[in-house]
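Colleague: Sharing a structure with you now.
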Ligand code: ADP
Ligand code: MG
Ligand code: ZN
């Protein structure tokens, strides 16, 4: 079979070999196994159903949400000598009737349709008479509420199941592979999730980095100066920021173009053209820019503000280095930009989707705070089993000294537990640093805060530590209008002393305070046990051990 497939690849497409993952998927389909194919945009998903459609008897149905692209796709196939057609709302009723007739005559290998078509019973009735070996569901994430582009009509795909007496194989294809989306796709299309192939998310020629706590404008100007002979894209979250950066850069002598949806179309087109022809060195844009742009020599993509989720980030950053040459992807992080994104999410979406979007935003924030390999973080996020650290991202090349921060992390975790796991980062940091502000007092943490076990740090440093802990999965965020923090299983392991935590380039701090209420409580408990046994207290536990227990196994005061 695969010999035939390879032959078709050469004959119709002129390629010598399959890319990673393509053969596995084609094998699944030819073995009659419904499956899910996850590859990034440009990874080569189309071939995974087009080649089987040439090998299988009958007409493959391709469900695609992009009506505007259907004609192009079909034209390309026709040029390659593959008989294909489409039915969508751009056709007249007469044209639909004619096309259907040709389909019934078996004239086509592939029939592209929009999902809305499946809501029509009369259309389904007509399909009954067609021999359909394979249904390819392109952009399959549209079926999931968790996807970035939910289309209710995708849910109608399951109606196809009842149409054919001989159930066709289903092949779902998408570039979005968060576990929630994958689960939805497999569940709703009845695909055995063992038949999932995820590949190609790692882009070896891209070096990722995150810049925290620096003057962004200065960084930008320096970066562009250093890369004076290269072209790049700068993404900002709002139109206003795009306008500001555009002025800033042009004033400092950089040939910058700009693009956002608030600009007149003619102007946008002109700016795009200037960028495509290298007349402008830098494109400053919102996420409105880039769809369908294929400029191969983009050497860097800088996000002046973090985007709303990893899906958007990777798609935008992935516009760098299409030619395979080394390129850079940088996020300039500032915590107020997270607020901007929260605001945008709040503005743009129906209420129901807000928690999901906030959770995805958290994934983006975590990317900015992780100290592990960024490339690994990305491929893991998209569900691909991760390989080795890339060795070239900002974190892999970070030569700052690694320090053991287990104790501090345990202190934070213990404080979170003792506050009942229902407060936000800010107040936890205040209690840890010994603040006695009104909020701390009002919530009844006066006493706890007196001990200020991280008093020698600023609350900003403690917040940084907590963000690091969230990024490392030790603390979890319960989203909502007032996000709260609680402890993950991994966090519990750290509390129990089963895991050490290291961090780069930060000072480690002191032991737990002797007058900590937990310490006092343990001493009382020790005395009680010692009295009952008729021995001196130090025989039960030394003071040092008690201190360690405070750090390693915090419990609420009530439990003592
Ligand atoms: P996707 O749908 O995953 O975004 P496409 O199917 O549109 O990607 O393919 C992207 C590009 O890669 C197309 O130009 C396609 O012809 C090309 N391509 C696909 N498979 C191969 C291959 N095995 N060898 C070389 N080029 C390929
Ligand atoms: Mg595609
Ligand atoms: Zn790395």
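Colleague: Quick check on segment 29-44: of everything there that is surrounded by fewer than 24 Cβ atoms within 10 Å (Cβ to Cβ) and over 26 Å from the mean Cα position of the chain (by Cα), which residue is nearest to ligand 3 (Cβ to nearest atom)?
Modeller: Only one residue tops the list, namely 33.
Colleague: Residue check, residue 236 against (1) touching a helix residue (DSSP H, G or I) at 6+ places or on another chain (Cβ under 7 Å); (2) farther than 30 Å from residue 398 by Cα, all met but one. Which one?
Modeller: Every listed condition holds for residue 236 apart from (2).
Colleague: Here is a further query. Go through the residues of segment 316-334 one by one and say whether even a single one is surrounded by fewer than 21 Cβ atoms within 10 Å (Cβ to Cβ) and touching a strand residue (DSSP E or B) at 6+ places or on another chain (Cβ under 6 Å).
Modeller: yes
Colleague: I've got another one for you. Right, residue 392: within 16 Å of ligand 3 (Cβ to nearest atom), part of a helix (DSSP H, G or I), surrounded by 14 or more Cβ atoms within 10 Å (Cβ to Cβ) and in contact (Cβ under 8 Å) with a residue 12 or more places away in the chain or not? Lay out the reasoning, then the answer.
Modeller: Values: within 16 Å of ligand 3 (Cβ to nearest atom): yes; part of a helix (DSSP H, G or I): no; surrounded by 14 or more Cβ atoms within 10 Å (Cβ to Cβ): yes; in contact (Cβ under 8 Å) with a residue 12 or more places away in the chain: yes.
Answer is no for this residue.
Colleague: Kindly list, by first and then second residue, each pair from a residue in segment 175-186 that is touching a residue at least 12 places away in the same chain (Cβ under 8 Å) and farther than 11 Å from residue 198 by Cβ to a residue that is in a helix (DSSP H, G or I) and away from ligand 2 (no atom under 16 Å from the Cβ), limited to pairs with Cβ atoms under 6 Å and residues at least 6 apart or on different chains.
Modeller: 186/193
Colleague: Continuing with the same structure: Just checking, which of 367, 377 is without any contact (Cβ under 8 Å) to a residue 24 or more places away in the chain, within 26 Å of residue 339 (Cα to Cα), touching a strand residue (DSSP E or B) at 6+ places or on another chain (Cβ under 9 Å) and away from ligand 1 (no atom under 16 Å from the Cβ)? First the steps, then the outcome.
Modeller: Working: 367 fails: without any contact (Cβ under 8 Å) to a residue 24 or more places away in the chain.
Exactly one residue qualifies, and that residue is 377.
Colleague: Quick one: is residue 110 within 16 Å of ligand 2 (Cβ to nearest atom) and either over 28 Å from the mean Cα position of the chain (by Cα) or more than 30 Å from residue 15 (Cα to Cα) (or both)? Can you show your working first?
Modeller: Details: within 16 Å of ligand 2 (Cβ to nearest atom): yes; either over 28 Å from the mean Cα position of the chain (by Cα) or more than 30 Å from residue 15 (Cα to Cα) (or both): yes.
So residue 110 fits the description; yes.
Colleague: Here's something else I'd like to know. Name the one entry in 101, 23, 94 that is closer than 20 Å to residue 196 by Cβ and free of Cβ contacts under 8 Å to residues at least 60 places away in the same chain.
Modeller: On the way: 101 fails: closer than 20 Å to residue 196 by Cβ; 94 fails: closer than 20 Å to residue 196 by Cβ.
Going through 101, 23, 94 in turn, just one is closer than 20 Å to residue 196 by Cβ and free of Cβ contacts under 8 Å to residues at least 60 places away in the same chain: 23.
Colleague: Something else now. For segment 313-334, which positions are at pLDDT below 95 and touching a helix residue (DSSP H, G or I) at 6+ places or on another chain (Cβ under 8 Å)?
Modeller: 314, 333, 334
Colleague: Can you spot a residue in segment 142-159 that is in a helix (DSSP H, G or I) and within 16 Å of ligand 1 (Cβ to nearest atom)? First the steps, then the outcome.
Modeller: Let us first name the residues in segment 142-159 that are in a helix (DSSP H, G or I), namely 142-143, 152-159.
Filter once more, keeping what is within 16 Å of ligand 1 (Cβ to nearest atom): 142.
Checking segment 142-159: at least one residue is in a helix (DSSP H, G or I) and within 16 Å of ligand 1 (Cβ to nearest atom).
Colleague: Something else: Sort out which residues of segment 5-32 are near ligand 1 (Cβ under 9 Å from one of its atoms) and part of a helix (DSSP H, G or I), and write them in order of number.
Modeller: 9, 13, 22
Colleague: Which numbered condition in (1) in contact with a helix residue (DSSP H, G or I) (Cβ under 9 Å, 6 or more places away or on another chain); (2) closer than 30 Å to residue 33 by Cβ is the only one that residue 221 fails?
Modeller: So the condition that residue 221 fails would be (2).
Colleague: In segment 45-74, which residues are without any contact (Cβ under 8 Å) to a residue 24 or more places away in the chain and either within 14 Å of ligand 1 (Cβ to nearest atom) or crowded, with 24+ Cβ neighbours inside 10 Å (or both)? Give the steps one after another, and end with the answer.
Modeller: Step one: list which residues in segment 45-74 are without any contact (Cβ under 8 Å) to a residue 24 or more places away in the chain, which gives 68-69, 71-72.
Of everything in segment 45-74, those that are without any contact (Cβ under 8 Å) to a residue 24 or more places away in the chain and either within 14 Å of ligand 1 (Cβ to nearest atom) or crowded, with 24+ Cβ neighbours inside 10 Å (or both) turn out to be 69, 72.
Colleague: So residue 148 ticks every box in (1) at pLDDT 90 or above; (2) within 16 Å of ligand 2 (Cβ to nearest atom) but one. Which box is left unticked?
Modeller: (1)
The values are calculated or read from the model by the stated rules, or taken from the named source; none is laboratory data. Quick caveat: nothing in here was measured; it's all calculated off a predicted structure. All Cβ positions, glycine included, derive from the backbone under ideal geometry; neighbour counts span all protein chains shown.
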